[in-house]
1. Just to check your reading of the model, which residue among B:331, B:350 is more than 16 Å from ligand 1 (Cβ to nearest atom) and assigned by TED's automatic domain parsing to the domain that holds residue B:303?
2. Given the residues A:169, A:211, A:188, which is the only one that is within 11 Å of ligand 1 (Cβ to nearest atom) and assigned to a loop (DSSP other than H, G, I, E, B)?
3. In the range B:94-140, what count of residues is obtained for those that are among the charged types (D, E, K, R), open to solvent by less than 10 Å² (accessible area, probe 1.4 Å) and touching a helix residue (DSSP H, G or I) at 6+ places or on another chain (Cβ under 7 Å)?
4. Of the numbered conditions (1) open to solvent by 40 Å² or more (accessible area, probe 1.4 Å); (2) away from ligand 2 (no atom under 15 Å from the Cβ), residue B:151 satisfies every one except a single condition; which is it?
5. For residues that are within 14 Å of chain A (Cβ to nearest Cβ) and not basic (Lys, Arg), tally how many sit in the range B:337-364.
6. So if I check each of A:200, A:152, A:143, which one is in contact with a strand residue (DSSP E or B) (Cβ under 7 Å, 6 or more places away or on another chain) and more than 14 Å from ligand 3 (Cβ to nearest atom)?
7. Would you mind finding the one in B:324, B:295 that is crowded, with 21+ Cβ neighbours inside 10 Å and touching a residue at least 60 places away in the same chain (Cβ under 8 Å)?
8. Is it the case that some residue within the range A:188-207 is surrounded by fewer than 24 Cβ atoms within 10 Å (Cβ to Cβ), within 12 Å of chain B (Cβ to nearest Cβ) and without any contact (Cβ under 8 Å) to a residue 24 or more places away in the chain?
Amino acid sequence: MAARRRKPRLGVWKFASCDGCQLTLLDCEDEFLAVAEALDIAYFPEATRAAVKGRYDLSLVEGSITTTHDAQRIQDIRRRSRALITIGACATSGGIQALRNFADVREYASIVYARPDYIHSLATSTPIADHVPVDFELRGCPINKRQLVEVISAFLAGRRPVTPAHSVCIECKLKGNVCVTVAHGTPCLGPVTHAGCGAICPSYDRGCYGCYGPMESPNAPALSAKLGELGMDQRDLTRIYRTFNAGSPAFRKESERNGP
Amino acid sequence: MDHQGPSVLTALGLQALFDSLRHRGYRIVGPKVRDGAIVYDDLDGVADLPQGWTDEQAPGRYRLARRDDAALFGYAVGPHSWKAFLHPSVQRLWTARREGDAVTVTPEPTSAERFAFIGVRACELKAIEIQDRVFVGGAHIDPHYRARREGAFIVAVNCAEAAGTCFCVSMGSGPKVEAGYDLALTEITEGEHRFVVEAGSEAGRQVLAELQAHAAMDGDLDAAEAVVQRTAASMGRQMRSDDLRELLAANLEHPRWDDVADRCLTCGNCTMVCPTCFCTSVEDSSDLTGAESSRTRRWDSCFTMDFTHVPGGSVRASARSRYRQWMTHKLSSWVDQFGTSGCVGCGRCLTWCPVGIDITEEVRAIRESPSKQGAGT
Ligand code: SF4
Ligand code: SF4
Ligand code: SF4
């Protein structure tokens, strides 16, 4: 890195999502200047209006695919991108809007909109990786700021990001927390959930809600048996796996095993 | 005090012990009630100890409960172990800085912290002994562990209460402390609330000499002995351990491994809470500018996929192979590797497993229907 090379061009793209993950990048107050220093931020509608066409060395993609237009747009972005990294639960598992995958979307639209015929949306909300090859998926709803900086730093250094796929329990124990399930009888999805948040909820005496989606080898049926002992009925179990990562295969399967 | 044998301290005398340790520059760590459990944390004085508290433990379940006396050490071990202090969960190893073409690597200095551990149990002393063998007993010495270990002052306690998940008697590791302590206490709540104290090292003798302790009488010693006897007779769990190495080695294809795999979450909690588990993973990081990087090690677990990741995937991809690796290492191959069992019968992995998988029960199931095929792969 002795000679100053051209700065890699960054594009930040939005699909069906709440913008929370993109905002995580802006929220990197201390690091944002360093990001702007290291990368040429060529497309980032949340931060700048200067849309630049052309090719991108790194694309960060937020949001899920819910319309035919978006299904085409992601193909274009993939073609323009050297590396494509998806960020957040929407982009990696379809997000909360994947609840439509369990229902009839036309029926929803007819209740919500005065002119449902104006709504052109797909029957499902799907992750980006269902449509194009993805180089790396960063999980979370929303993503964790520290992990985002890690992923960008790793990209710049050409190394593998350190974002372990083990359970939230390991993060919880590294922090020295007392387990809320064992010591208080509080239902917690930590054992089946992907690490990354730093075990925020158990650190504040609450059970994990599964914001980071399934961990690397989830055994949800075994956890559900325990959650049942702690007082959750089948309806509760169906719902608890059906939140921001409802569309992820492991959580979808377990929610459907417990109810419609 | 100038006698050599066991002495007796009052609760007030115990505070004098805290004062003396603090005066000597120790950071005092011991049991404290926090978040519904008895954890190990910094202590200001005797008043921070969980007086009048006990715990109720079963596989997958822990609850604090009130005692009907004012005992200071009337509970068993909790979710923490001393390894959090001697072998911290996250330890930086070095940092590197690039300036122009020059790279400077700065190794992380070893800790100057001197801990005084209050209330170390017999099984925990054995666990520390096992980790000593791993970190400072071989050709490769871990400087971070050594620095923390050498500076530590250990105040042990003979257990007066066994939890429903304890089985130190089966593992030959308790409940009476045998060696490896500076001072050892036995708390007596019958009659006058007092502690029988024995010194196990020169440092312990020096500290004890400064305290207002008087020589223990026969009555004190008998009462102390009765405490340990009572605890030994009330173990919550039992596990025959003399033949475990052979039993497990001969049952590597036992159907019980599939059964436990159905229940195991591969969450890794058992390894995090185990006081002898020592495995770490090494993580490198670099900053956005590429000017600074560092290497850190953190506790890892044989239950994670990354633990055996090689190009092409994880060697132990199934829950069956991961649970089997953990249990056979603890109870069988640990003996080949380090000359002792890797389990001290503390019961933490039973209590803190969210689904209550009980190592003693898994062994029993295998023992009661040994594999017909014999050793597998
Ligand atoms: S509180 Fe939840 S995340 Fe933490 S160890 Fe317990 S089950 Fe796992
Ligand atoms: S294997 Fe379980 S009982 Fe044995 S020392 Fe480890 S945590 Fe304690
Ligand atoms: S035995 Fe229990 S604590 Fe250990 S990995 Fe399996 S479920 Fe988790």
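The values are calculated or read from the model by the stated rules, or taken from the named source; none is laboratory data. Nothing here was measured: the structure is a model prediction, and the numbers come from that model. Because the Cβ atoms are built from the backbone with ideal geometry, glycine has one as well, and the counts that use them run over all protein chains shown. Areas reflect the complete protein model, heavy atoms only, side chains present, ligands, DNA and RNA absent. Shrake-Rupley method; radii C 1.70, N 1.55, O 1.52, S 1.80 Å.
1. B:331
2. None of the others qualify; the one that does is A:188.
3. Selection size over the range B:94-140: 0.
4. Every condition holds for residue B:151 apart from (1).
5. So the count comes out to 11.
6. Selected residue: A:143, the only one of A:200, A:152, A:143 that is in contact with a strand residue (DSSP E or B) (Cβ under 7 Å, 6 or more places away or on another chain) and more than 14 Å from ligand 3 (Cβ to nearest atom).
7. So the residue among B:324, B:295 that is crowded, with 21+ Cβ neighbours inside 10 Å and touching a residue at least 60 places away in the same chain (Cβ under 8 Å) is B:324.
8. For the range A:188-207, residues surrounded by fewer than 24 Cβ atoms within 10 Å (Cβ to Cβ), within 12 Å of chain B (Cβ to nearest Cβ) and without any contact (Cβ under 8 Å) to a residue 24 or more places away in the chain: present.
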